[in-house]
Amino acid sequence: MSDIADRVKKIVVENLGVEEEKVTPDASFIDDLGADSLDIVELVMAFEEEFGVEIPDDAAEKINTVGDAIKYIEEHTD
Amino acid sequence: MRRVVVTGLGLVTPLGADVETTWANLIAGKSGIGAITRFDTTGQKCLIAGEVKPADHEYGFDPNKRVDHKVQRQVDPFIIYGIDAAGQAIEDAGLEDMSEELRLRAGCSIGSGIGGLPGIELESVNLHERGPGRVSPHFVHGRLINLISGQVSIKYGLMGPNHAVVTACSTGAHSIGDAARMIRDDDADIMLAGGAEGTINPLGVAGFAQARALNCSMNDRPTEASRPYDKDRDGFVMGEGAGVVVLEEYEHAKARGAKIYAEVVGYGLSGDAYHVTAPHPEGKGAENSMRMALRKAGMGPGDIDYVNAHGTSTMADTIELAAVKRVLGDDLAGASMSSTKSAIGHLLGGAGAVESIFCILAMRDGVVPPTLNLHNPDEGTEGVDLVPLVARKREVRAVLNNSFGFGGTNASLVMKKVD
(Lines give C-alpha, C1' and ligand atoms only; values in the text may rest on other atoms or scores of the structure.)
Protein backbone atom coordinates (compact mmCIF):
# COMPACT_ATOMS: atom_id res chain seq x y z
CA MET A 1 0.00 0.00 0.00
CA SER A 2 1.12 3.51 -0.73
CA ASP A 3 1.97 6.02 1.92
CA ILE A 4 -1.28 7.86 1.16
CA ALA A 5 -3.30 4.68 1.57
CA ASP A 6 -1.71 4.02 4.96
CA ARG A 7 -2.44 7.51 6.20
CA VAL A 8 -6.04 7.38 4.95
CA LYS A 9 -6.52 4.05 6.69
CA LYS A 10 -5.17 5.42 9.95
CA ILE A 11 -7.61 8.34 9.89
CA VAL A 12 -10.55 6.06 9.12
CA VAL A 13 -9.64 3.69 11.96
CA GLU A 14 -9.33 6.56 14.42
CA ASN A 15 -12.46 8.46 13.35
CA LEU A 16 -14.83 5.54 12.97
CA GLY A 17 -13.39 3.27 15.63
CA VAL A 18 -13.31 0.29 13.26
CA GLU A 19 -10.84 -2.58 13.05
CA GLU A 20 -7.92 -2.05 10.70
CA GLU A 21 -8.63 -5.20 8.68
CA LYS A 22 -12.02 -3.85 7.68
CA VAL A 23 -10.56 -0.75 6.08
CA THR A 24 -9.95 -2.16 2.60
CA PRO A 25 -10.04 -0.10 -0.62
CA ASP A 26 -13.45 -1.58 -1.47
CA ALA A 27 -14.96 -0.82 1.93
CA SER A 28 -17.90 1.57 1.78
CA PHE A 29 -17.86 4.14 4.56
CA ILE A 30 -21.60 3.86 5.13
CA ASP A 31 -22.39 0.22 4.27
CA ASP A 32 -19.26 -1.47 5.62
CA LEU A 33 -17.75 0.87 8.19
CA GLY A 34 -20.86 2.18 9.96
CA ALA A 35 -20.36 5.85 9.08
CA ASP A 36 -23.24 8.30 8.74
CA SER A 37 -23.27 11.39 6.53
CA LEU A 38 -21.79 13.57 9.29
CA ASP A 39 -18.96 11.13 9.84
CA ILE A 40 -18.12 11.46 6.16
CA VAL A 41 -18.03 15.26 6.46
CA GLU A 42 -15.62 14.84 9.35
CA LEU A 43 -13.50 12.31 7.46
CA VAL A 44 -13.24 14.63 4.47
CA MET A 45 -12.12 17.45 6.79
CA ALA A 46 -9.50 15.15 8.27
CA PHE A 47 -8.23 14.18 4.80
CA GLU A 48 -8.03 17.84 3.80
CA GLU A 49 -6.02 18.56 6.90
CA GLU A 50 -3.69 15.58 6.61
CA PHE A 51 -2.90 16.00 2.93
CA GLY A 52 -3.24 19.75 2.50
CA VAL A 53 -5.83 19.32 -0.26
CA GLU A 54 -9.19 20.93 -0.68
CA ILE A 55 -12.06 18.53 -1.35
CA PRO A 56 -15.06 20.52 -2.62
CA ASP A 57 -18.57 19.37 -1.65
CA ASP A 58 -19.40 17.96 -5.11
CA ALA A 59 -16.22 15.88 -5.06
CA ALA A 60 -16.80 14.81 -1.46
CA GLU A 61 -20.23 13.49 -2.41
CA LYS A 62 -18.59 11.04 -4.79
CA ILE A 63 -16.26 9.62 -2.15
CA ASN A 64 -18.11 6.49 -1.03
CA THR A 65 -15.33 4.00 -0.42
CA VAL A 66 -11.88 4.06 1.12
CA GLY A 67 -10.49 3.54 -2.39
CA ASP A 68 -12.40 6.60 -3.69
CA ALA A 69 -10.71 8.71 -1.01
CA ILE A 70 -7.23 7.36 -1.75
CA LYS A 71 -7.73 7.90 -5.49
CA TYR A 72 -8.94 11.47 -5.08
CA ILE A 73 -6.05 12.38 -2.80
CA GLU A 74 -3.47 10.73 -5.09
CA GLU A 75 -4.82 12.72 -8.03
CA HIS A 76 -4.82 16.00 -6.16
CA THR A 77 -1.48 15.95 -4.37
CA ASP A 78 1.98 16.35 -5.85
CA MET B 1 -52.46 6.66 42.13
CA ARG B 2 -49.46 5.18 40.34
CA ARG B 3 -46.47 4.98 42.71
CA VAL B 4 -42.89 5.56 41.59
CA VAL B 5 -39.91 3.62 42.92
CA VAL B 6 -36.18 3.57 42.28
CA THR B 7 -34.87 0.25 40.91
CA GLY B 8 -31.42 1.13 39.54
CA LEU B 9 -28.52 3.46 40.31
CA GLY B 10 -25.53 4.76 38.37
CA LEU B 11 -22.74 7.14 39.37
CA VAL B 12 -19.62 8.71 37.91
CA THR B 13 -18.03 11.02 40.48
CA PRO B 14 -14.68 12.39 41.66
CA LEU B 15 -14.74 9.54 44.23
CA GLY B 16 -15.41 6.67 41.87
CA ALA B 17 -16.63 5.44 38.50
CA ASP B 18 -19.49 3.44 39.98
CA VAL B 19 -21.99 3.50 42.84
CA GLU B 20 -20.32 1.24 45.38
CA THR B 21 -16.81 2.68 45.01
CA THR B 22 -18.08 6.24 45.30
CA TRP B 23 -20.21 5.37 48.31
CA ALA B 24 -17.44 3.49 50.11
CA ASN B 25 -15.02 6.38 49.60
CA LEU B 26 -17.64 8.90 50.70
CA ILE B 27 -18.45 7.01 53.88
CA ALA B 28 -14.72 6.56 54.57
CA GLY B 29 -14.43 10.35 54.62
CA LYS B 30 -12.24 10.62 51.52
CA SER B 31 -12.12 13.76 49.42
CA GLY B 32 -12.23 13.68 45.62
CA ILE B 33 -10.95 17.25 45.35
CA GLY B 34 -7.45 18.13 44.17
CA ALA B 35 -5.37 20.38 41.93
CA ILE B 36 -6.81 20.71 38.43
CA THR B 37 -4.94 18.39 36.04
CA ARG B 38 -7.27 18.73 33.06
CA PHE B 39 -5.73 21.92 31.70
CA ASP B 40 -2.98 24.46 32.34
CA THR B 41 -4.33 26.70 35.12
CA THR B 42 -1.83 29.52 34.59
CA GLY B 43 -3.60 32.80 35.25
CA GLN B 44 -6.68 31.21 36.84
CA LYS B 45 -7.78 32.33 40.29
CA CYS B 46 -9.11 28.91 41.14
CA LEU B 47 -6.69 26.01 40.73
CA ILE B 48 -8.68 23.17 42.28
CA ALA B 49 -11.68 20.99 41.43
CA GLY B 50 -13.25 17.61 41.95
CA GLU B 51 -12.20 15.89 38.75
CA VAL B 52 -13.41 12.50 37.62
CA LYS B 53 -10.18 10.54 37.77
CA PRO B 54 -8.47 9.03 34.69
CA ALA B 55 -8.82 5.31 33.94
CA ASP B 56 -5.42 4.38 35.44
CA HIS B 57 -6.30 5.91 38.83
CA GLU B 58 -7.26 3.70 41.77
CA TYR B 59 -10.90 4.71 41.33
CA GLY B 60 -10.71 6.20 37.86
CA PHE B 61 -13.28 6.24 35.08
CA ASP B 62 -12.83 4.24 31.87
CA PRO B 63 -15.13 5.67 29.19
CA ASN B 64 -14.53 2.64 26.97
CA LYS B 65 -16.65 0.47 29.25
CA ARG B 66 -20.01 1.78 28.06
CA VAL B 67 -19.46 4.52 25.48
CA ASP B 68 -18.62 3.76 21.84
CA HIS B 69 -15.31 5.07 20.55
CA LYS B 70 -17.06 7.11 17.88
CA VAL B 71 -19.42 8.74 20.36
CA GLN B 72 -16.52 9.59 22.67
CA ARG B 73 -14.83 11.49 19.86
CA GLN B 74 -17.94 13.49 19.08
CA VAL B 75 -19.34 14.57 22.44
CA ASP B 76 -18.42 16.56 25.52
CA PRO B 77 -17.46 14.87 28.81
CA PHE B 78 -20.85 15.50 30.45
CA ILE B 79 -22.51 13.30 27.81
CA ILE B 80 -19.94 10.54 28.28
CA TYR B 81 -20.47 10.59 32.06
CA GLY B 82 -24.24 10.58 31.55
CA ILE B 83 -24.27 7.65 29.12
CA ASP B 84 -22.09 5.61 31.46
CA ALA B 85 -24.15 6.38 34.57
CA ALA B 86 -27.36 5.54 32.68
CA GLY B 87 -25.83 2.25 31.55
CA GLN B 88 -24.88 1.39 35.12
CA ALA B 89 -28.44 2.14 36.28
CA ILE B 90 -29.96 -0.04 33.54
CA GLU B 91 -27.63 -2.92 34.42
CA ASP B 92 -28.33 -2.49 38.14
CA ALA B 93 -32.06 -2.64 37.46
CA GLY B 94 -31.65 -5.76 35.31
CA LEU B 95 -33.14 -4.02 32.29
CA GLU B 96 -30.48 -4.70 29.65
CA ASP B 97 -32.90 -6.75 27.60
CA MET B 98 -36.19 -4.90 27.39
CA SER B 99 -38.93 -6.02 25.01
CA GLU B 100 -40.07 -3.58 22.33
CA GLU B 101 -43.35 -3.20 24.20
CA LEU B 102 -41.50 -2.15 27.33
CA ARG B 103 -39.12 0.11 25.44
CA LEU B 104 -42.13 2.01 24.11
CA ARG B 105 -42.96 2.74 27.74
CA ALA B 106 -39.38 3.58 28.82
CA GLY B 107 -37.93 7.07 28.52
CA CYS B 108 -35.15 9.43 29.56
CA SER B 109 -34.99 12.60 31.59
CA ILE B 110 -31.28 13.29 32.00
CA GLY B 111 -30.27 16.93 32.01
CA SER B 112 -27.30 19.18 32.62
CA GLY B 113 -26.89 22.64 34.04
CA ILE B 114 -24.48 24.02 31.47
CA GLY B 115 -23.83 21.34 28.88
CA GLY B 116 -20.89 21.20 26.51
CA LEU B 117 -18.86 24.19 27.59
CA PRO B 118 -15.42 22.60 26.94
CA GLY B 119 -16.41 21.81 23.36
CA ILE B 120 -17.89 25.26 22.82
CA GLU B 121 -14.67 26.81 24.07
CA LEU B 122 -12.42 24.69 21.84
CA GLU B 123 -14.55 25.01 18.74
CA SER B 124 -14.83 28.75 19.20
CA VAL B 125 -11.04 29.05 19.19
CA ASN B 126 -10.97 26.75 16.17
CA LEU B 127 -13.49 28.96 14.34
CA HIS B 128 -11.48 32.10 14.99
CA GLU B 129 -8.10 30.60 14.17
CA ARG B 130 -8.98 28.40 11.20
CA GLY B 131 -12.36 29.51 9.89
CA PRO B 132 -15.93 28.18 9.68
CA GLY B 133 -14.97 25.35 7.34
CA ARG B 134 -12.95 23.70 10.11
CA VAL B 135 -15.82 23.54 12.62
CA SER B 136 -16.69 19.94 13.41
CA PRO B 137 -19.91 18.57 11.89
CA HIS B 138 -20.51 17.01 15.31
CA PHE B 139 -20.14 20.33 17.12
CA VAL B 140 -23.82 21.04 17.81
CA HIS B 141 -25.15 17.63 18.80
CA GLY B 142 -22.00 16.88 20.78
CA ARG B 143 -22.68 19.83 23.10
CA LEU B 144 -26.48 19.97 23.44
CA ILE B 145 -27.86 19.29 26.91
CA ASN B 146 -30.62 16.91 25.77
CA LEU B 147 -28.07 14.70 24.05
CA ILE B 148 -27.53 12.48 27.07
CA SER B 149 -31.19 11.56 26.87
CA GLY B 150 -30.82 11.34 23.09
CA GLN B 151 -27.74 9.11 23.13
CA VAL B 152 -29.12 6.86 25.89
CA SER B 153 -32.43 6.40 24.06
CA ILE B 154 -30.59 5.46 20.86
CA LYS B 155 -28.20 3.08 22.63
CA TYR B 156 -30.93 1.22 24.53
CA GLY B 157 -33.88 1.74 22.16
CA LEU B 158 -35.97 3.72 24.65
CA MET B 159 -38.98 5.14 22.83
CA GLY B 160 -40.85 6.72 25.74
CA PRO B 161 -40.64 10.39 26.79
CA ASN B 162 -37.32 12.00 25.88
CA HIS B 163 -36.77 15.00 28.07
CA ALA B 164 -33.93 17.10 29.49
CA VAL B 165 -34.10 19.60 32.30
CA VAL B 166 -31.90 22.71 32.33
CA THR B 167 -32.21 24.42 35.69
CA ALA B 168 -28.58 25.07 36.64
CA CYS B 169 -27.73 23.36 39.93
CA SER B 170 -31.30 22.12 40.46
CA THR B 171 -31.22 20.10 37.23
CA GLY B 172 -30.61 16.66 38.75
CA ALA B 173 -33.41 17.00 41.30
CA HIS B 174 -35.86 18.48 38.80
CA SER B 175 -35.00 15.68 36.34
CA ILE B 176 -35.94 13.01 38.87
CA GLY B 177 -39.04 14.90 40.02
CA ASP B 178 -40.29 15.53 36.49
CA ALA B 179 -39.61 11.94 35.43
CA ALA B 180 -41.45 10.62 38.49
CA ARG B 181 -44.45 12.70 37.46
CA MET B 182 -44.30 11.25 33.94
CA ILE B 183 -44.57 7.78 35.40
CA ARG B 184 -47.31 8.82 37.81
CA ASP B 185 -49.22 10.44 34.91
CA ASP B 186 -48.91 7.22 32.89
CA ASP B 187 -46.62 8.62 30.17
CA ALA B 188 -44.15 5.84 30.91
CA ASP B 189 -43.49 2.83 33.17
CA ILE B 190 -39.73 3.32 33.31
CA MET B 191 -37.65 6.50 33.22
CA LEU B 192 -33.89 6.97 33.27
CA ALA B 193 -33.57 10.17 35.28
CA GLY B 194 -30.68 12.28 36.47
CA GLY B 195 -28.11 14.86 35.57
CA ALA B 196 -24.51 15.32 34.51
CA GLU B 197 -21.90 18.03 34.31
CA GLY B 198 -18.41 18.42 32.91
CA THR B 199 -17.24 22.01 32.92
CA ILE B 200 -13.79 21.76 34.44
CA ASN B 201 -12.30 23.68 31.53
CA PRO B 202 -10.63 27.12 31.41
CA LEU B 203 -13.82 28.99 30.51
CA GLY B 204 -15.97 27.19 33.09
CA VAL B 205 -13.54 27.70 35.95
CA ALA B 206 -12.83 31.33 35.02
CA GLY B 207 -16.53 32.08 34.62
CA PHE B 208 -17.53 30.78 38.04
CA ALA B 209 -14.46 32.38 39.63
CA GLN B 210 -15.36 35.74 38.10
CA ALA B 211 -18.89 35.35 39.45
CA ARG B 212 -17.20 35.11 42.89
CA ALA B 213 -18.79 31.70 43.39
CA LEU B 214 -15.67 29.51 43.67
CA ASN B 215 -13.28 29.03 46.55
CA CYS B 216 -10.04 30.68 45.40
CA SER B 217 -8.35 31.02 48.79
CA MET B 218 -7.42 27.41 49.53
CA ASN B 219 -5.64 26.40 46.32
CA ASP B 220 -2.77 25.07 48.42
CA ARG B 221 -5.00 22.71 50.42
CA PRO B 222 -7.62 21.43 47.99
CA THR B 223 -9.17 18.73 50.17
CA GLU B 224 -10.04 21.37 52.79
CA ALA B 225 -11.56 23.89 50.38
CA SER B 226 -15.14 22.60 50.36
CA ARG B 227 -16.34 23.17 53.94
CA PRO B 228 -20.09 23.71 54.13
CA TYR B 229 -21.36 25.35 57.35
CA ASP B 230 -17.80 26.02 58.50
CA LYS B 231 -16.88 29.58 59.51
CA ASP B 232 -13.97 29.60 57.05
CA ARG B 233 -15.96 28.54 54.00
CA ASP B 234 -15.25 30.72 51.03
CA GLY B 235 -17.06 29.54 47.94
CA PHE B 236 -17.79 26.22 46.29
CA VAL B 237 -15.43 23.81 44.60
CA MET B 238 -16.45 22.65 41.15
CA GLY B 239 -16.99 18.94 40.66
CA GLU B 240 -18.00 16.87 37.64
CA GLY B 241 -19.67 13.60 36.87
CA ALA B 242 -23.16 12.16 36.62
CA GLY B 243 -25.89 10.46 38.56
CA VAL B 244 -28.72 8.53 36.93
CA VAL B 245 -31.48 6.44 38.51
CA VAL B 246 -34.01 4.05 37.04
CA LEU B 247 -37.46 5.15 38.12
CA GLU B 248 -40.19 2.57 37.70
CA GLU B 249 -43.89 2.26 38.35
CA TYR B 250 -44.26 0.30 41.59
CA GLU B 251 -46.54 -2.51 40.38
CA HIS B 252 -44.36 -2.96 37.31
CA ALA B 253 -41.24 -3.26 39.45
CA LYS B 254 -42.94 -5.67 41.84
CA ALA B 255 -44.30 -7.84 39.05
CA ARG B 256 -40.85 -8.42 37.58
CA GLY B 257 -39.29 -8.97 41.00
CA ALA B 258 -37.02 -5.93 40.75
CA LYS B 259 -34.86 -4.80 43.64
CA ILE B 260 -36.60 -1.71 45.03
CA TYR B 261 -34.33 0.88 46.65
CA ALA B 262 -36.82 3.58 47.59
CA GLU B 263 -40.03 5.34 46.66
CA VAL B 264 -40.15 8.90 45.34
CA VAL B 265 -43.02 10.32 47.36
CA GLY B 266 -42.66 14.09 47.29
CA TYR B 267 -41.46 16.72 44.83
CA GLY B 268 -41.45 20.44 45.44
CA LEU B 269 -40.46 23.26 43.10
CA SER B 270 -40.30 27.00 43.51
CA GLY B 271 -38.70 30.21 42.29
CA ASP B 272 -36.95 32.80 44.44
CA ALA B 273 -37.98 35.75 42.25
CA TYR B 274 -35.08 37.63 43.73
CA HIS B 275 -31.59 37.58 42.12
CA VAL B 276 -29.70 35.75 39.35
CA THR B 277 -26.99 34.25 41.55
CA ALA B 278 -27.80 35.05 45.20
CA PRO B 279 -30.52 33.17 47.05
CA HIS B 280 -33.33 35.09 48.70
CA PRO B 281 -31.81 36.22 52.04
CA GLU B 282 -34.76 34.80 53.95
CA GLY B 283 -34.68 31.54 52.01
CA LYS B 284 -38.34 31.79 51.10
CA GLY B 285 -37.96 29.86 47.86
CA ALA B 286 -36.08 27.04 49.56
CA GLU B 287 -38.70 26.90 52.29
CA ASN B 288 -41.58 26.78 49.81
CA SER B 289 -39.90 24.03 47.85
CA MET B 290 -39.35 21.85 50.93
CA ARG B 291 -42.87 22.45 52.24
CA MET B 292 -44.36 21.47 48.90
CA ALA B 293 -42.31 18.26 48.75
CA LEU B 294 -43.42 17.26 52.25
CA ARG B 295 -47.04 18.10 51.51
CA LYS B 296 -47.01 16.04 48.32
CA ALA B 297 -45.44 13.18 50.27
CA GLY B 298 -48.19 13.42 52.88
CA MET B 299 -45.46 13.45 55.47
CA GLY B 300 -44.66 15.60 58.47
CA PRO B 301 -41.34 17.09 59.55
CA GLY B 302 -40.88 14.27 62.07
CA ASP B 303 -40.76 11.69 59.28
CA ILE B 304 -37.50 12.99 57.82
CA ASP B 305 -34.39 11.28 59.21
CA TYR B 306 -31.80 12.72 56.85
CA VAL B 307 -31.49 15.92 54.84
CA ASN B 308 -28.92 16.03 52.06
CA ALA B 309 -28.41 19.77 51.95
CA HIS B 310 -27.67 21.85 48.91
CA GLY B 311 -24.86 23.21 51.16
CA THR B 312 -22.38 24.48 48.60
CA SER B 313 -19.83 25.91 51.04
CA THR B 314 -20.90 29.49 50.38
CA MET B 315 -22.66 32.14 52.44
CA ALA B 316 -25.93 30.61 51.20
CA ASP B 317 -25.46 27.60 53.51
CA THR B 318 -26.84 29.47 56.51
CA ILE B 319 -29.84 30.69 54.51
CA GLU B 320 -30.70 27.10 53.61
CA LEU B 321 -30.16 25.95 57.19
CA ALA B 322 -32.51 28.62 58.51
CA ALA B 323 -35.15 27.51 55.99
CA VAL B 324 -34.69 23.83 56.98
CA LYS B 325 -35.11 24.86 60.63
CA ARG B 326 -38.39 26.59 59.85
CA VAL B 327 -39.70 23.62 57.87
CA LEU B 328 -38.63 20.81 60.21
CA GLY B 329 -38.95 22.83 63.41
CA ASP B 330 -38.22 20.90 66.61
CA ASP B 331 -38.08 17.68 64.60
CA LEU B 332 -34.75 18.77 63.12
CA ALA B 333 -33.19 17.77 66.44
CA GLY B 334 -33.92 14.12 65.64
CA ALA B 335 -32.63 14.30 62.07
CA SER B 336 -29.18 14.43 60.50
CA MET B 337 -28.23 16.85 57.76
CA SER B 338 -25.00 16.87 55.77
CA SER B 339 -23.49 18.26 52.61
CA THR B 340 -21.68 15.71 50.50
CA LYS B 341 -20.34 18.56 48.36
CA SER B 342 -17.66 18.71 51.04
CA ALA B 343 -16.22 15.51 49.56
CA ILE B 344 -16.93 15.65 45.82
CA GLY B 345 -17.45 19.36 45.21
CA HIS B 346 -20.47 20.81 43.47
CA LEU B 347 -21.53 18.73 40.46
CA LEU B 348 -23.83 21.55 39.31
CA GLY B 349 -26.43 19.94 37.02
CA GLY B 350 -25.42 16.52 38.29
CA ALA B 351 -25.59 17.41 41.98
CA GLY B 352 -29.27 16.76 42.67
CA ALA B 353 -29.15 13.32 41.08
CA VAL B 354 -25.86 12.23 42.65
CA GLU B 355 -27.03 13.42 46.04
CA SER B 356 -30.40 11.66 45.64
CA ILE B 357 -28.44 8.46 45.14
CA PHE B 358 -26.46 9.17 48.33
CA CYS B 359 -29.80 9.61 50.14
CA ILE B 360 -31.01 6.26 48.82
CA LEU B 361 -27.80 4.53 49.92
CA ALA B 362 -28.08 6.16 53.35
CA MET B 363 -31.49 4.48 53.69
CA ARG B 364 -30.20 1.18 52.36
CA ASP B 365 -27.17 0.97 54.65
CA GLY B 366 -28.36 2.91 57.68
CA VAL B 367 -25.45 5.34 57.57
CA VAL B 368 -25.33 9.07 56.86
CA PRO B 369 -22.38 10.56 54.94
CA PRO B 370 -20.28 13.23 56.64
CA THR B 371 -19.79 16.95 56.10
CA LEU B 372 -16.01 17.08 55.71
CA ASN B 373 -13.90 19.97 57.00
CA LEU B 374 -16.56 21.14 59.44
CA HIS B 375 -14.19 22.10 62.24
CA ASN B 376 -15.72 25.42 63.27
CA PRO B 377 -19.45 25.38 62.69
CA ASP B 378 -20.88 28.78 61.83
CA GLU B 379 -23.38 30.60 64.00
CA GLY B 380 -26.88 29.22 63.70
CA THR B 381 -25.76 25.60 63.44
CA GLU B 382 -26.09 24.90 67.16
CA GLY B 383 -28.19 21.86 67.96
CA VAL B 384 -28.20 20.65 64.35
CA ASP B 385 -26.51 17.34 63.57
CA LEU B 386 -24.45 18.25 60.50
CA VAL B 387 -22.53 14.95 60.69
CA PRO B 388 -19.15 16.68 60.97
CA LEU B 389 -16.05 14.91 59.62
CA VAL B 390 -17.12 11.27 59.98
CA ALA B 391 -20.05 9.22 58.72
CA ARG B 392 -22.52 7.95 61.30
CA LYS B 393 -24.66 4.84 61.56
CA ARG B 394 -28.30 5.62 62.16
CA GLU B 395 -31.67 4.51 60.92
CA VAL B 396 -32.79 6.44 57.85
CA ARG B 397 -36.40 5.79 56.83
CA ALA B 398 -37.09 8.92 54.79
CA VAL B 399 -34.94 11.64 53.27
CA LEU B 400 -35.21 15.17 51.98
CA ASN B 401 -32.86 16.31 49.23
CA ASN B 402 -32.48 19.99 48.33
CA SER B 403 -31.06 21.56 45.18
CA PHE B 404 -31.03 25.25 44.37
CA GLY B 405 -29.78 26.91 41.20
CA PHE B 406 -28.77 30.18 39.60
CA GLY B 407 -31.80 32.07 38.43
CA GLY B 408 -33.45 31.38 41.77
CA THR B 409 -34.74 27.89 40.94
CA ASN B 410 -35.37 25.40 43.75
CA ALA B 411 -36.20 21.70 43.88
CA SER B 412 -36.77 19.34 46.80
CA LEU B 413 -37.32 15.61 46.73
CA VAL B 414 -38.67 13.39 49.47
CA MET B 415 -37.97 9.67 49.22
CA LYS B 416 -38.68 6.85 51.63
CA LYS B 417 -38.00 3.19 52.17
CA VAL B 418 -40.53 0.77 50.76
CA ASP B 419 -41.77 -1.79 53.29
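The values are calculated or read from the model by the stated rules, or taken from the named source; none is laboratory data. These numbers were taken from a predicted model, which means no experiment stands behind them. Virtual Cβ from ideal backbone geometry, glycine too; neighbours counted across all protein chains shown. The protein model used for the area step is the full one, side chains on, heavy atoms only, and it has no ligands, DNA or RNA in it. Shrake-Rupley method; radii C 1.70, N 1.55, O 1.52, S 1.80 Å.
Restricting attention to helices (runs of 4 or more DSSP H) lying wholly within the range B:1-92, give those where 3 or more residues are more than 27 Å from B:E224 (Cα to Cα). Let's see the steps before the verdict.
Values: elements: B:19-27, B:69-74, B:77-92.
By residue number, B:69-74, B:77-92.
For A:E49, indicate whether it is open to solvent by 30 Å² or more (accessible area, probe 1.4 Å), within 14 Å of chain B (Cβ to nearest Cβ) and part of a helix (DSSP H, G or I).
Working: open to solvent by 30 Å² or more (accessible area, probe 1.4 Å): yes; within 14 Å of chain B (Cβ to nearest Cβ): yes; part of a helix (DSSP H, G or I): yes.
Judged against the criteria, A:E49 is a match.
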message = Quick check on my filter: what residues within the range A:5-41 are under 18 Å from B:G142 (Cβ atoms) and part of a helix (DSSP H, G or I)?
response = A:E14, A:N15, A:L16, A:S37, A:L38, A:D39, A:I40, A:V41
note = When the range B:385-402 is checked residue by residue, the ones that are in a loop (DSSP other than H, G, I, E, B) and surrounded by 17 or more Cβ atoms within 10 Å (Cβ to Cβ) are B:L386, B:V387, B:A391, B:V396
ask   = How many residues does the range B:223-249 hold that are buried (at least 24 other Cβ atoms within 10 Å of the Cβ) and among the basic types (K, R)?
value = 2
task = For residues that are aliphatic (A, V, I, L, M) and under 22 Å from the mean Cα position of the chain (by Cα), scanning just the range B:50-81, find the one that is farthest from the other protein chains (Cβ to nearest Cβ).
result = B:V52
task = Only residues in the range A:20-44 that are farther than 18 Å from B:S136 by Cβ and within 10 Å of chain B (Cβ to nearest Cβ) count as the first member; pair them with residues that are assigned to a helix (DSSP H, G or I) and aliphatic (A, V, I, L, M), Cβ under 7 angstrom, at least 6 apart or cross-chain, and list the lot.
result = A:G34/A:L16
request  = Considering every residue within the range B:373-384, establish whether at least one is among the polar types (S, T, N, Q), more than 23 Å from B:C169 (Cβ to Cβ) and open to solvent by 10 Å² or more (accessible area, probe 1.4 Å).
outcome  = yes
ask   = Which condition number does B:S99 fail, the rest of (1) hydroxyl-bearing (S, T, Y); (2) more than 24 Å from B:F404 (Cβ to Cβ); (3) open to solvent by 30 Å² or more (accessible area, probe 1.4 Å); (4) touching a residue at least 24 places away in the same chain (Cβ under 8 Å) being met?
value = (4)
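Considering only residues that are part of a loop (DSSP other than H, G, I, E, B) and charged (D, E, K, R), which ones fall in the range B:198-238?
Result: B:R212, B:D220, B:R221, B:R227, B:K231, B:D232, B:R233, B:D234.
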